[in-house]
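Right, one structure below, let's go through it.
Each value in this text was obtained by applying a stated rule to the coordinates, not by laboratory testing. All figures in this text were calculated on a predicted structure; none of them were measured in a lab. We place every Cβ from the backbone using ideal geometry, glycine too, and count neighbours over all the protein chains shown.
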Amino acid sequence: MAVKAPCQGEGCRRRAADGRARRRTADGGLLCRPCRERLDAGLAELTHLYEECGRMLAGAAPAGLRERTTGGDLPGLPFNGTAADVRAKMVSVLGSWSGLVAQERGFASPPRTVAALTAFLRRNGEWLAAHPAAAEATEEIARLVRAGRRAAFPEQARSIRLGACPRPGCAGSLTVAVRAGAPDAGPGADGAVVCDADPEHRWTSDRWSELSRTMDSGGESGTPGPAATERWLTAADIARLWHTSTGTVYRLASEQRWRRRNRAGRTYYNETDVRTCFDRRAAARA
Ligand SMILES: [Zn+2]
Ligand SMILES: [Zn+2]
């Protein structure tokens with residue numbers, strides 16, 4: 001049996017950067033099983049992200065979610081430029097990896113569409129994982145996925161406004177810091193609820209239910225504030241705030257008939273309905 005070397009994949013490089021050990025390679029390739037699966041999942045996701053970016057070309061992001069850009073796009077400018085660039089980048093990067101596979105294996109090159117290119121690369125995933133350039137392939141695919149998520153879901157790469165800070169006398173607004181490009185970040189690194197006026201006003205997202213109720217009742221001072229504003233969240237926001245999968249969110253949304261709204265081709269769910277549902281589930285478990 002061959003000696004198993006440390007994995008060269010993007011996931012293990014990040015682990016090493018965090019001071020953790022790289023996993024061992026699997027199946028004679030240069031990648032460990034999770035990095036190999038991640039490469040495959042990244043390719044599968046790119047097909048969807050390419051289409052989501054196409055949707056961004058047709059319509060701008062919902063206005064309410066564009067107020068707090070943390071850099072990059074100028075307020076008021078559509079994200080179309082970014083989405084178009086990312087789509088072109090997907091075709092060119094996937095095209096060059098497919099070209100390498102086709103050339104070295106003597107296969108015909110697939111058509112230059114993202115669906116065909118990703119399908120071709122996934123079929124050759126095992127081979128790619130054993131290629132000397134496997135590490136680079138995982139890096140580039142992961143980078144494309146991150147860029148695609150940022151372009152397709154700009155509101156997740158930035159922050160989502162949740163409402164007025166409930167701390168007495170504070171004029172700040174709360175946002176949930178969500179970084180779409182950081183799937184490896186541990187719990188808490190992602191999804192923290194922070195006040196834009198005072199960084200000390202900070203809550204972990206698992207306290208969101210409680211915090212949201214405080215905001216509705218006029219804040220911690222007890223003086224009734226302005227009428228509670230209705231909050232609307234995407235499935236991805238809900239998954240982050242309640243630490244669940246988007247699949248569970250979609251299932252509960254349809255089972256429990258959460259109120260929903262469509263804006264610019266996106267579905268938003270009524271936060272009160274969502275919170276009630278998760279509170280009930282938490283109570284049932286307790
Ligand atoms: Zn690995
Ligand atoms: Zn505050």
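Put a dot 7 Å past the Cα of Asp279, heading toward its Cβ, do the same for Thr204, and the two dots end up 2.1 nm apart.
Rg/Rh for the range 230-286 stands at 0.95; both radii use Cα atoms, and Rh follows the Kirkwood definition. Packing, as the average of other Cβ atoms within 10 Å across residues, places the peptides 35-45, 113-123 in the order 35-45, 113-123, highest first.
Computed extension gain for Tyr250 through Thr113, at 0.36 nm per residue and net of the alpha carbon distance, reaches 46.4 nm. As a rough footprinting exposure proxy, the listed residues His243, His201 were ranked by other beta carbons within 10 Å of their own, and the order from fewest upward is His243, His201.
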